[in-house]
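Contents: one structure, followed by commentary.
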Amino acid sequence: MLNDNNEQWKVDFFKTYATAQEDKDQLKEATNLKFEHFPPVLGQYYPSDVSCDELKNIFDGKLKLQKAKKMNGYNPSIVDIDYEKTIKTQLNVLMQNQMQKLNAEDPNFLSDEEEEIINSADFPFIKLMTLVYTKDTQDMTEDEQKQWKDYMNQFITQQIVFSIINMYFTMNLFEDNVFKCNFQTPYNKEELWAKYTDNHNGICITYDFKEVSQKMLEIVENMYPLLDVKEKLDKDDLDYEIYNMYCASLFNEDKNIDEFDKQWTYLLYHKYTSTEYMMLDSLLEPIYTMTMEDEQIQKIIKNSYLEIEDGELTYNHTKIIADLAAVLESSEFEAKISDKIKEVHTIVADEIEVDFIKPEAVYFALNYPDDEIAEIKKLADEADIRVFKIKKTEDNKLFKALV
């Protein structure tokens, strides 16, 4: 279940982002909600042994991102893959091409009424195929009809199998190319210093988002509030279905969540370079071959999914999708392709560095050694970044002092 620490606006934002990907108005409302609650300053904590080379890159406006699937809280199990919707979209494009071809060969082959029936069907591509079968086989012998039916079943099956397998690997690659970096807000609470800097021994670097600019807006567009959970959610913990794969990365999983830790994450999808695409093609080809030659996949390909429903010939696309998903998502299949897919996942490193914005300030923790500040301060001064040291008053309150 979601932790009570989550503010209602976060819960509302997550639900909209998870369920309304095709509703532009709702997505705009969710984006406005995010901007409305976006903090003016975000912080990142580092251990005391962070290197000067890494800090110099940070001061130059660089940011290191990790593959989201390797970070705390990642939970792809709550995301559903809508195979049916995707193949309908893909195959209906093929259907339009088929209809244009039929009309070019015989402008009178399909009547206006038949075209309307096809376009209004639940799955227009399959409706076209079965309707063409009915029209083409009226004068055929029984053996010819069976032969035509077998061909149609095979043609539809091949299109669906290819589309589902392609989608399965597309989602796998998408998952491997989502990168993230977490930020804390507020950054100036004693509890956070204790939690993230090894009991007040590290560094906090802060970023100022108060001044609106195009660069800032682009960054905030890719910033998302994290939902706090004490353990991974199950699908049953939510009263809605999630089809947005980014949502798998929007959790902060912590058994000791407190009211002070309100994290945001910067999410970025890495697009393959031309060189990486070449590597991808060579590595994926044997995996696709292995998949198509899989014994269970071959059984599906050879099976007939044609049925008679209410006196009409139909194709049970729901069943073949379920059959394919059961194979592709099985532990046996995952084990079979494991070594080869891991090789694909090495094309892009687990950590990448991207352009971000320069920090506004560096804060040294309460217990950070004073004699180790000078070198980092020199780097910060060269980048025109302010430097502060956290100190404590006699009544044990923290305050910042300019170095």
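The values are calculated or read from the model by the stated rules, or taken from the named source; none is laboratory data. Keep in mind that this is a model prediction, so the values were computed, not measured. Every residue, glycine as well, gets a Cβ built from its backbone with ideal geometry; the counts of neighbours run over all protein chains shown. SASA here: full protein model, heavy atoms, side chains in, ligands and nucleic acids out. Shrake-Rupley method; radii C 1.70, N 1.55, O 1.52, S 1.80 Å.
State all residues of segment 156-168 that are surrounded by fewer than 18 Cβ atoms within 10 Å (Cβ to Cβ) and within 23 Å of the chain's Cα centre (by Cα); if no residue qualifies, say none. Within segment 156-168, 162, 166 meet the criteria. Could you check, for segment 19-29, whether at least one of its residues is surrounded by 19 or more Cβ atoms within 10 Å (Cβ to Cβ) and either modelled with pLDDT of 95 or more or farther than 21 Å from residue 210 by Cβ (or both)? Looking for residues that are surrounded by 19 or more Cβ atoms within 10 Å (Cβ to Cβ) and either modelled with pLDDT of 95 or more or farther than 21 Å from residue 210 by Cβ (or both), one finds none in segment 19-29, hence no.
Out of everything in segment 349-363 that is among the acidic types (Asp, Glu) and closer than 19 Å to residue 213 by Cα, what residue ends up being least open to solvent (accessible area, probe 1.4 Å)? For segment 349-363, the residue satisfying everything is 360.
The listed residues are 364, 399, 388, and the only one of them that is free of Cβ contacts under 8 Å to residues at least 12 places away in the same chain, among the aromatic types (Phe, Trp, Tyr) and over 30 Å from residue 177 (Cβ atoms) turns out to be 399. Taking (1) polar (S, T, N, Q); (2) loosely packed, with under 15 Cβ neighbours inside 10 Å; (3) touching a strand residue (DSSP E or B) at 6+ places or on another chain (Cβ under 6 Å) in turn, residue 153 satisfies each apart from (2). Within segment 30-64, if we keep just the residues that are among the small types (Gly, Ala, Ser) and closer than 22 Å to residue 191 by Cβ, the residue that is most open to solvent (accessible area, probe 1.4 Å) turns out to be 48. In the set 87, 118, 81, only one residue is within 30 Å of residue 346 (Cα to Cα), open to solvent by less than 20 Å² (accessible area, probe 1.4 Å) and of a type in the set (Val, Ile, Thr); that residue is 87.
The selection criterion, being in contact with a Lys or Arg (Cβ under 9 Å, 6 or more places away or on another chain) and either charged (D, E, K, R) or outside any loop (DSSP other than H, G, I, E, B) (or both), holds for residue 379. Of the strands (runs of 3 or more DSSP E) lying entirely inside segment 158-233, those carrying at least 3 residues that are closer than 26 Å to residue 248 by Cβ are 178-185, 223-225, 227-229. Residues being farther than 30 Å from residue 229 by Cβ, outside any helix (DSSP H, G or I) and either open to solvent by 40 Å² or more (accessible area, probe 1.4 Å) or free of Cβ contacts under 8 Å to residues at least 24 places away in the same chain (or both) are represented in segment 92-106 by at least one member. Close contacts from segment 186-212, counting a first residue that is under 19 Å from residue 225 (Cβ atoms) and of a type outside the set (Asp, Glu) and a second that is in a helix (DSSP H, G or I) and open to solvent by less than 40 Å² (accessible area, probe 1.4 Å), with Cβ to Cβ under 7 Å and a gap of 6+ residues or different chains, come to 209/216; 209/220.
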